1. Confirm whether Ser125 is buried (at least 18 other Cβ atoms within 10 Å of the Cβ), over 28 Å from Lys22 (Cα atoms), hydroxyl-bearing (Ser, Thr, Tyr) and out of contact with any Ser or Thr (no Cβ under 8 Å at 6 or more places or on another chain).
2. Within segment 148-162, which residues are closer than 25 Å to Arg94 by Cβ and part of a helix (DSSP H, G or I)?
3. Being within 15 Å of Lys173 (Cα to Cα), β-branched (Val, Ile, Thr) and in contact (Cβ under 8 Å) with a residue 40 or more places away in the chain is the filter here; which residues of segment 105-149 pass it?
4. Taking Gln205 as meeting all but one of (1) of a type in the set (S, T, N, Q); (2) surrounded by fewer than 13 Cβ atoms within 10 Å (Cβ to Cβ); (3) at pLDDT below 95, write down the number of the exception.
5. Evaluate the following for Gly160: is it exposed (fewer than 11 other Cβ atoms within 10 Å of the Cβ), outside the structural domain of Ile15 (by TED's automatic domain parsing) and not polar (S, T, N, Q)?
6. Please go through segment 175-197 and give me each residue that is of a type in the set (Asp, Glu) and either surrounded by 12 or more Cβ atoms within 10 Å (Cβ to Cβ) or not assigned by TED's automatic domain parsing to the domain that holds Ala122 (or both), ordered by number.
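The values are calculated or read from the model by the stated rules, or taken from the named source; none is laboratory data. From a predicted model like this one, the values you see are computed outputs, not experimental measurements. Methodologically, a virtual Cβ is constructed for each residue, glycine included, from the backbone with ideal geometry; neighbour enumeration extends over all protein chains shown.
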Amino acid sequence: MSLVLYEKKDKIAYITLNRPDKLNALSPELINELAKVWVTFRDDDDVWVSIFTGAGKAFCSGVDIASDVEMLKLLGGKPPARVMSWMKEAPAWRASPSNYNVSKPIIAAINGHCLGGGLWLALESDIRIAAEGSQFGVPEPKLGMPASFTALFQHYVPPGIAYEMLITCDRIKAQRAYEVGLVNRVVPSEQLLQTATEMAERICQNSPLAIRAVKELLLKSRDMNRTDAMALTDQIMHNLLGSADIMEGFVAFVEKRKPVWKVK
């Protein structure tokens with residue numbers, strides 16, 4: 001049985017963590033499969049956007065603790081012989097789409113538990129829609145160490161909220177997650193995939209090249225000053241001006257019809 005499902009409908013890829021008996025915890029095997037799926041999605045010209053979710057009662061409960069215990073046993077109570085690169089080696093990072101240069105938009109449809117490394121996967125998605133019963137938290141300090149994404153968490157929520165969640169390890173419910181900007185929307189659980197699909201369909205009405213440019217601009221300009229951000233904008237806009245799709249967009253507008261995007 002595949003631990004990560006990859007299904008396609010129209011221009012949408014549905015990526016589903018499929019380890020429901022373990023609340024979709026990130027085992028080494030699941031992480032390896034998910035990494036391959038991100039590459040498949042990135043290179044699949046048939047799809048323009050993905051919906052990322054979890055099977056069963058959880059989105060993702062975080063890293064499989066059993067696999068971490070085995071690693072700690074191997075260390076024998078001593079630190080590793082070298083300084084680890086958490087960005088390259090931590091499980092949540094190795095499962096992240098940004099490691100594989102995924103330029104297409106990702107919508108996380110979050111059901112149930114979204115904890116630790118699972119929360120990071122949700123944050124790595126571009127849009128987050130949560131079911132009413134979902135919960136969010138960072139339990140790693142209860143295990144003796146901070147989460148590998150601790151330094152970046154305040155990019156997604158106000159610093160005070162980041163501190164509270166990271167040092168109390170309290171979980172927050174979907175409505176609170178919406179109030180602090182952690183998720184875009186909260187919907188009844190039975191409407192979760194429908195809402196995500198409708199949003200994906202709206203995204204697919206727009207130029208895929210323009211949407212990918214938006215994602216690139218937002219990600220790369222996050223830590224830039226105004227001058228550098230606008231220079232990046234100039235470069236990306238220059239590249240788009242030679243595309244067939246920008247001409248199609250303008251012509252379709254003048255002719256009052258829907259554009260037919262060629263993604264080139």
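1. No.
2. Thr150, Ala151, Leu152, Phe153, Gln154, His155, Ala162
3. Ile110, Ile129
4. Gln205 satisfies all of (1) of a type in the set (S, T, N, Q); (2) surrounded by fewer than 13 Cβ atoms within 10 Å (Cβ to Cβ); (3) at pLDDT below 95 except (3).
5. No: the conditions fail for Gly160.
6. Answer for segment 175-197, where residues must be of a type in the set (Asp, Glu) and either surrounded by 12 or more Cβ atoms within 10 Å (Cβ to Cβ) or not assigned by TED's automatic domain parsing to the domain that holds Ala122 (or both): just Glu179.
Yes or no, residue by residue, for (1) modelled with pLDDT under 90; (2) on the phi > 0 side of the Ramachandran plot; (3) under 29 Å from the mean Cα position of the chain (by Cα):
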{"site": "Leu218", "(1), (2), (3)": "no, no, yes"}
{"site": "Arg222", "(1), (2), (3)": "yes, no, yes"}
{"site": "Arg226", "(1), (2), (3)": "no, no, yes"}
{"site": "Lys256", "(1), (2), (3)": "no, yes, no"}
